[in-house]
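To start, the structure under review is shown below, and the notes come after it.
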Amino acid sequence: MELCETKDYVIDQRISLEMPETARAWTAEDGLEQFLSKSGAYVKLVLRFTDDLDTETYAEYLYDFLNSIEQLECNLLLQAKANKVYVFHEELNILDGFDAGTYTVEDLRQEIEEFLSMGVPQ
């Protein structure tokens, strides 16, 4: 993803298009925008950060990334990993009024600390 390539703190990424099962057969005539907004399809993006940094640094990375994704035209399941564990996992409804302004570095730091304290499954 081009956006990831502009972020020097993203050392690796995995991207996949995910979609729930549906009885409807989508065709090219439906158009990409309609498909993305009505099918439940989303992009799963796993970011890999440098290991062994502090939670404040990871929070700053996520804050910067979240403030860069409004340009995307798809919903996103964003996950971030460091030290082989997830430090962030959240569904972001970009097509339905996503607002990065609801995030603060402090809130993200606390969320990361919660993930780490729970021993989130790898």
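Residue by residue through the range 82-111, note down the ones that are buried (at least 18 other Cβ atoms within 10 Å of the Cβ) and touching an Asp or Glu at 6+ places or on another chain (Cβ under 9 Å).
Listed by number, the residues that qualify are Ala82, Val87, Phe88, Ile94, Leu108, Arg109, Glu111.
Between Tyr61, Tyr42, which is aromatic (Phe, Trp, Tyr) and either under 16 Å from Leu108 (Cα atoms) or in contact with a His (Cβ under 6 Å, 6 or more places away or on another chain) (or both)?
Within the list Tyr61, Tyr42, the selection yields Tyr61.
Please pick out the residue among Leu108, Leu78, Leu62 that is touching a strand residue (DSSP E or B) at 6+ places or on another chain (Cβ under 8 Å) and either among the acidic types (Asp, Glu) or farther than 23 Å from Glu2 by Cα (or both).
Testing whether each residue is touching a strand residue (DSSP E or B) at 6+ places or on another chain (Cβ under 8 Å) and either among the acidic types (Asp, Glu) or farther than 23 Å from Glu2 by Cα (or both) leaves just Leu108.
Report, by residue number, each residue of the range 8-26 that is in a loop (DSSP other than H, G, I, E, B), of a type outside the set (S, T, N, Q) and touching a residue at least 12 places away in the same chain (Cβ under 8 Å).
Result: Tyr9, Val10, Ile11, Met19, Pro20, Arg24, Trp26.
Output the residues belonging to the range 51-64 that are surrounded by 15 or more Cβ atoms within 10 Å (Cβ to Cβ) and part of a loop (DSSP other than H, G, I, E, B).
Leu53
Does Leu36 meet the test of being buried (at least 17 other Cβ atoms within 10 Å of the Cβ) and in contact (Cβ under 8 Å) with a residue 40 or more places away in the chain?
Spelling it out, Leu36 is indeed buried (at least 17 other Cβ atoms within 10 Å of the Cβ) and in contact (Cβ under 8 Å) with a residue 40 or more places away in the chain.
Could you say which residue among Asn75, Asn67 is among the polar types (S, T, N, Q), at pLDDT below 90 and either open to solvent by less than 20 Å² (accessible area, probe 1.4 Å) or on the phi < 0 side of the Ramachandran plot (or both)?
The match here is Asn75.
Tell me which residues, restricted to the range 50-94, are in contact (Cβ under 8 Å) with a residue 24 or more places away in the chain and of a type in the set (Val, Ile, Thr).
Once the filter is applied, which keeps residues that are in contact (Cβ under 8 Å) with a residue 24 or more places away in the chain and of a type in the set (Val, Ile, Thr), the range 50-94 yields Thr50, Thr55, Ile69, Val85, Val87, Ile94.
The values are calculated or read from the model by the stated rules, or taken from the named source; none is laboratory data. Everything quoted here is computed from the prediction, not taken from an experiment. All Cβ positions, glycine included, derive from the backbone under ideal geometry; neighbour counts span all protein chains shown. What goes into the accessible areas is simple: the full protein's heavy atoms, side chains included, and nothing from ligands, DNA or RNA. Shrake-Rupley method; radii C 1.70, N 1.55, O 1.52, S 1.80 Å.
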